[in-house]
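Some notes on the structure that comes next.
The values are calculated or read from the model by the stated rules, or taken from the named source; none is laboratory data. Computed from a prediction, not measured in an experiment: that's the story for all the values here. All Cβ positions, glycine included, derive from the backbone under ideal geometry; neighbour counts span all protein chains shown.
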Amino acid sequence: MFVRDPCGIVCVLITYLAVFYADYVIIKWVVLQTMIDSLWGTFNVVMFNTVIFFLMIAHIKAVLTDPGTIPLPQNRVDFSDIHSSNSGCDFVNWTVCARCETYRPPRAHHCRICQRCIRRMDHHCPWINNCVGERNQKYFIQFLIYVGALSAYAVTLVIMSWMTECKDCTQDIPLKQARIMHCVILLLESALFGMFVAAILIDQLQAILSDETAVEQVQHLGPFRPHKPKMALISEVCGREHPLFWLLPCSSVPRKLDTPLIDHHV
């Protein structure tokens, strides 16, 4: 699902630019200047780019995965009785969206940017140019984790490089100044993005464990299933795999997606 939102597209491009710049600085101004003669440098380049690879996969999936869009009706919805054509099914607490005129299950909300109702919508995030909803929240959380890990890794490598003598820098002052400039910029970038995603990640985890999305918090709707086990709530977002595989950005449909949608042929 790709949303044609200028702000979101710009934020996605900024994200990729920041990641590629971090990779450039680590390879060009950190590893090649202070770790070129050791296997430690090769190891760090491989590990750093592995984190980038998983980050990019998670981000692309968060951007392109349908967050749980409710299909639009083919015919005009009868607002007088939403159960009239579905009397054989249990659709208690289903409502009709006044904006897109579609039947929607509990916890689905209308996004003014996507112009559609999203199942278990948490919020619309410009950094993925998409809503964070039932189907892509797992990838969004993975993206946050990998950005935080990459930021911490970058800061660690820069500090380690400053503790190692750069032989070329002692003889080439412009090279030394350029290295300092790029490293400082990377430190600021890593600190900014690291703290930003840490705050969002904590908020996401709290929302999952309390079973209350950001929209529901604003509307003061309260937790949806207060007595459900915490691991069950986490598995609904992360999928059916073993917990060891939750950090891998692989496809998995959460269990709660088995909820049927109302037939719109009315």
| task | Please state which one of A178, A191, A152, A198 is over 23 Å from I118 (Cβ atoms), in a helix (DSSP H, G or I) and touching a Gly at 6+ places or on another chain (Cβ under 6 Å). | result | A198
| request: Could you grab me the full set of residues in segment 36-50 that are assigned to a helix (DSSP H, G or I), hydrophobic (A, V, I, L, M, F, W, C) and surrounded by fewer than 19 Cβ atoms within 10 Å (Cβ to Cβ)? | output: L39, W40, F43, V45, V46, M47
| task | Quick one: in segment 4-23, of everything that is touching a residue at least 60 places away in the same chain (Cβ under 8 Å) and of a type outside the set (A, V, I, L, M), which residue is nearest to A58 (Cα to Cα)? | result | T15
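Take the conditions in a helix (DSSP H, G or I) and under 14 Å from the mean Cα position of the chain (by Cα) and apply them to V147. Does it pass?
Yes: the conditions hold for V147.
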| said: Kindly evaluate Q33 against the criterion of being farther than 17 Å from I128 by Cα, modelled with pLDDT under 95 and exposed (fewer than 12 other Cβ atoms within 10 Å of the Cβ). | reply: no
| request: Report yes if some residue within segment 4-21 is out of contact with any Cys (no Cβ under 6 Å at 6 or more places or on another chain), within 26 Å of N136 (Cα to Cα), of a type in the set (G, A, S) and crowded, with 16+ Cβ neighbours inside 10 Å; otherwise report no. | output: yes
| query | If only one of L175, L186, L205, L201 is more than 17 Å from F140 (Cβ to Cβ), modelled with pLDDT of 90 or more and surrounded by 13 or more Cβ atoms within 10 Å (Cβ to Cβ), which one is it? | reply | L186
| Test for N129: is it of a type outside the set (D, E), crowded, with 16+ Cβ neighbours inside 10 Å and modelled with pLDDT under 95 | no
| said: For segment 144-151, check the following and say yes or no: at least one residue is of a type in the set (V, I, T), surrounded by 24 or more Cβ atoms within 10 Å (Cβ to Cβ) and within 30 Å of T95 (Cα to Cα). | reply: no
